[in-house]
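Chemist: There's a structure below that I have some questions on.
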Amino acid sequence: MPTPTHTRRMALRDKLILIAEARIVLGGPEALRARELAKDAGCAVGAIYNSVKDMGELVHAVNERTFVKLISTIAECNDVDALEELTNMAKAYHRFVQSNRSLWRVLFTTPDPAYKDWYQAIFDQLQTHFETTLERIQPNMDAQKRSQLARATFAAIHGIVLLNYDEALSGMPPGQVDRLLVLTVKQLASK
């Protein structure tokens, strides 16, 4: 049975994760400063480090929540036609990024090496959705090749979306991004 101290620390941890997520949404990971987090949480700075090991653990906890939302968004793309499902997955990824841009950037710009295995496992989980849909499109394709195609498909989708939101390259209108995603996914899936 957890002690009252442990229960308090876990409650503070949960609160800190929500505060960190809100701060990232408003100002990116740079907005995570212990003093401000403590003020927002109504605790001492030292209490933060009784609830999380360091800021890396806090960012990781926010990333966990973001990945769960992303995978859920992709998993909701169900269609009788597998190619339509795959293009819907690409468009859903784009919509997710539009709605969660700051959180999405943190997924790929601040992965803590301490969580490398977790990132690989969650990325594999995301890839499984692409692989499963590709299996319906290319049922005779070798499993290893299909796995590689799933990774290439996600990489293409991610790259198009990333380049669209990169400040240096500026973006295309959202409809144009979706058309480019659909074109790319259909070409890759037909290989």
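The values are calculated or read from the model by the stated rules, or taken from the named source; none is laboratory data. Since the model is a prediction, treat every value here as computed from it, not as a measurement. For neighbour counting, all protein chains shown are included, and Cβ atoms are generated from backbone atoms with ideal geometry for every residue, glycine included. Ligands, DNA and RNA are excluded from the accessible area calculation, which covers all protein heavy atoms including side chains. Shrake-Rupley method; radii C 1.70, N 1.55, O 1.52, S 1.80 Å.
Chemist: Given a 1.4 Å probe and every protein chain left where it sits, what share in percent of the accessible area of the chain is carbon and sulfur?
Modeler: On the way: 5700 of 10330 Å².
That share works out to 55 percent.
Chemist: Taking the structure as given and computing Cα extents along the principal axes in Å, which label from [x] 80, 47, 28; [y] 59, 29, 26; [z] 57, 42, 28 fits?
Modeler: So the structure-derived entry is [z].
Chemist: Please determine, in degrees from 0 to 90 and to the nearest 10, the orientation of helix 143-165 with respect to the longest principal axis defined by the Cα atoms of the chain, where the helix direction is its Cα long axis.
Modeler: Between the helix axis and the principal axis of the chain, the angle is about 70 degrees.
Chemist: Once you keep just the Cα pairs under 8 angstrom separated by 6 or more residues, what percentage relative contact order results for the stretch 58-191?
Modeler: Relative CO of the stretch 58-191 lands at 30 percent.
Chemist: Can you tell me the 0 to 90 degree angle between the C-alpha axis of helix 174-189 and the longest principal axis of the chain, rounded to 10?
Modeler: Result, in degrees: 60.
Chemist: Further question on the same structure: Estimate the FRET efficiency between Ser72 and Ala44 by the formula 1/(1 + (r/R0)^6), using the beta-carbon distance for r and 35 Å for R0, to the nearest 0.05.
Modeler: Efficiency, rounded to the nearest 0.05: 0.50.
Chemist: With a 1.4 Å probe and every protein chain left in place, work out the accessible area per residue of the stretch 1-137 in Å², rounded to a whole number. If you can, show how the numbers build up before the last one.
Modeler: On the way: 7190 Å² over 137 residues.
Dividing the accessible area of the stretch 1-137 by its residue count gives 52 Å².
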